[in-house]
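The values are calculated or read from the model by the stated rules, or taken from the named source; none is laboratory data. Every value quoted in this text rests on a predicted model; they were computed, and no experiment measured them. Note that we place each Cβ from the backbone using ideal geometry, even for glycine, and neighbour counts take in every protein chain shown.
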C-alpha cells in the first residue's frame, strides 16, 4: 500500500473513530471486568482440559494457573464504585458485590490460593495433586458466583 493510499484510508476512518462516544466510567469498568472474566474462564478451561486428558503433561497447567492467580489478585479492583447495575447497560454481578468488599476480597484470595496449589502441583508434575487443585479452583469460582453473580 502506498503512503498516499494509506493516508487516505486513515483519514477516511478518522471521523468514524471520533464519532464514537466515550463510554461512561462505569461502563468502561464493566467492559474491562467482562474481558477479565472471559480470560479467567478460558484459563480455567485450559486447566480442566489438561486435568481431564491423561496424556497431557500437567506442566502445561503452570501458565494458565499463574494467569488465574494474577486475575484473582485483580478481581477486587474490577468492581469500582459507580460500576454497579444502575450504571451500566448490563451486568451479571449482584449488588452485594459492591456492598461486601471484604467478602469479595476473601473470595479472590481463595481463588488465588487454589490456583497457587495448581501451579505447585503442575510444577511438580503431580497429576493427582493437579487434578485435586483444579477441582478446588472450580469450587472457588463457583463459591464467588453463588455469592456475587446472578443465577444463569
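For the stretch 33-45, the condition of being in contact with a helix residue (DSSP H, G or I) (Cβ under 6 Å, 6 or more places away or on another chain) and at pLDDT below 95 holds for at least one residue. Looking across 120, 128, one residue alone is without any contact (Cβ under 8 Å) to a residue 12 or more places away in the chain, surrounded by fewer than 17 Cβ atoms within 10 Å (Cβ to Cβ) and more than 19 Å from residue 33 (Cβ to Cβ). It is 128. If the condition is being surrounded by fewer than 18 Cβ atoms within 10 Å (Cβ to Cβ) and either touching a strand residue (DSSP E or B) at 6+ places or on another chain (Cβ under 8 Å) or closer than 30 Å to residue 127 by Cβ (or both), then the stretch 63-93 contributes 63, 66, 70, 73, 74, 85, 92.
Is it fair to say residue 140 is free of Cβ contacts under 8 Å to residues at least 40 places away in the same chain and closer than 16 Å to residue 36 by Cα? Against the criterion (free of Cβ contacts under 8 Å to residues at least 40 places away in the same chain and closer than 16 Å to residue 36 by Cα), residue 140 does not qualify. Put simply, of 83, 71 the only residue that is in contact with a helix residue (DSSP H, G or I) (Cβ under 8 Å, 6 or more places away or on another chain) and part of a loop (DSSP other than H, G, I, E, B) is 83.
Residue 97 - would you say it is surrounded by 15 or more Cβ atoms within 10 Å (Cβ to Cβ), in contact with a helix residue (DSSP H, G or I) (Cβ under 8 Å, 6 or more places away or on another chain) and farther than 21 Å from residue 152 by Cα?
Numbers: surrounded by 15 or more Cβ atoms within 10 Å (Cβ to Cβ): yes; in contact with a helix residue (DSSP H, G or I) (Cβ under 8 Å, 6 or more places away or on another chain): yes; farther than 21 Å from residue 152 by Cα: no.
It is false that residue 97 is surrounded by 15 or more Cβ atoms within 10 Å (Cβ to Cβ), in contact with a helix residue (DSSP H, G or I) (Cβ under 8 Å, 6 or more places away or on another chain) and farther than 21 Å from residue 152 by Cα.
Can you work out which of the residues in the stretch 131-152 that are under 18 Å from residue 70 (Cβ atoms) and over 15 Å from the mean Cα position of the chain (by Cα) is surrounded by the fewest Cβ atoms within 10 Å (Cβ to Cβ)? Ranking the qualifying residues of the stretch 131-152, first place goes to 136. Just one of the numbered conditions (1) within 15 Å of residue 78 (Cβ to Cβ); (2) in contact (Cβ under 8 Å) with a residue 24 or more places away in the chain; (3) surrounded by 13 or more Cβ atoms within 10 Å (Cβ to Cβ) is not true of residue 105: (3). Can you tell me which residue is surrounded by the most Cβ atoms within 10 Å (Cβ to Cβ) among those in the stretch 23-53 that are farther than 20 Å from residue 81 by Cβ and touching a residue at least 24 places away in the same chain (Cβ under 8 Å)? Within the stretch 23-53, the match that is surrounded by the most Cβ atoms within 10 Å (Cβ to Cβ) is 47. Every condition in (1) under 18 Å from residue 142 (Cα atoms); (2) part of a helix (DSSP H, G or I) is met by residue 91 except one, and the failing one is (2).
Within the set 9, 88, 58, the sole residue that is in contact with a helix residue (DSSP H, G or I) (Cβ under 7 Å, 6 or more places away or on another chain) and at pLDDT below 85 turns out to be 88.
Among the listed residues 120, 128, 115, which satisfies the condition of being assigned to a helix (DSSP H, G or I) and in contact with a helix residue (DSSP H, G or I) (Cβ under 7 Å, 6 or more places away or on another chain)? Walk me through how you get there before you give the answer.
Details: 120 fails: in contact with a helix residue (DSSP H, G or I) (Cβ under 7 Å, 6 or more places away or on another chain); 128 fails: in contact with a helix residue (DSSP H, G or I) (Cβ under 7 Å, 6 or more places away or on another chain).
It is 115.
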